[in-house]
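A.B. asks: Handing you this structure, nothing more for now.
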Amino acid sequence: MKYRLGKQTLCFYGHVLHRVIALKDIPSRGVKAGDVGGWLEDEHNLSQHGDCWIAEEAKVFGRARVRNNAYVHERARIYDHATVSGNAEVRGYAQVFRDAAIGGNASVHGYAMVHEQAKVNDFAEVYGNAIIYGHAWVTEHAKVSGFAWIFDFAIVHGAAVIHGHAQIFGDANIRDFARVHGNAEIKGHVQVFDMAEVYGLARLSGYVEICGDAQVFGNSVAEKHCRIESGTFDSGLV
């Protein structure tokens, strides 16, 4: 065993949590035997195998699970049936709950929230006040930050960057080196890829493809079936 539950307890939203006490060194986390860690409801919450650890004021409760080499620290919360695995890190005031899964080398921090059946994995990063939920998936080297929302069945992958107050939902697919920011709204079956950029108050829906080095911004609206591979569009119906 690498840890035990200490006698110090905390009542948190109806759950009785226990401080973790290391029983052996975990060099990758700078933990020495006898060090005090974060808070667990029971041993189901933190695997006794691997280098996974919960530190500082982080809390894991309900049927949530932290395993492999995952690291949850600062004031992060993992609860319900959520899982954090692989080499993933959750820190700050981030929350992962319901059936969400964080894996690979992903990082979730700041005040970000990942919940429902959403997934964040590979080297993806979610931070700021971003919210990922529904069946959304953020993966590969994608970054989502600011106050962005990714939900429904939307996928953000490649090296795509989403920030500001952007909303990506429906079956939208944002990938490659695409950027979406400002107050842009992308929904339906829209695809934004290559080096394309969508921002401002742009609204995209239907079966639209924005690719190449195209820029769609301002009050632009694109819907139904169209493909834009180059040029700039800053207002009106594309």
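A short reminder: the numbers here are calculations on the coordinates, not readings from a lab. This one's a predicted model, so the numbers in the text were calculated from it and none came from an experiment. All Cβ positions, glycine included, derive from the backbone under ideal geometry; neighbour counts span all protein chains shown.
A.B. asks: Near residue 224, which lysines are there with a Cα under 28 Å away, not counting those fewer than 8 places off in the same chain?
C.D. replies: Once the sequence-local lysines are set aside, what remains near residue 224 is 143, 187.
A.B. asks: Shifting gears a bit: For the chain, what value does the Rg/Rh ratio take when both radii are computed over Cα atoms and Rh is the Kirkwood radius, given to two decimals? Write down the numbers at each step before the final one.
C.D. replies: Details: Rg = 20.1 Å, Rh = 18.3 Å.
Using only Cα positions, Rg/Rh for the chain is 1.09.
A.B. asks: Which percent of the Cα-Cα distances in segment 34-136 go past 20 Å? Mind showing how you got there, number by number?
C.D. replies: Values: 1182 of 5253 pairs.
For segment 34-136, the share of Cα pairs beyond 20 Å comes to 23 percent.
A.B. asks: Just from the alpha-carbon atoms, what are the Rg and Dmax of segment 116-238 in angstroms?
C.D. replies: 12.7, 38
A.B. asks: Additional query: Can you compute the modelled spin-label distance between residue 11 and residue 23, with each label point 7 Å from Cα toward Cβ, in nm?
C.D. replies: Taking the simple label geometry, residue 11 and residue 23 are separated by 3.0 nm.
A.B. asks: Using Cα positions and a limit of under 16 Å, work out the aspartates and glutamates in reach of residue 32, with same-chain residues fewer than 8 apart set aside.
C.D. replies: 51, 56
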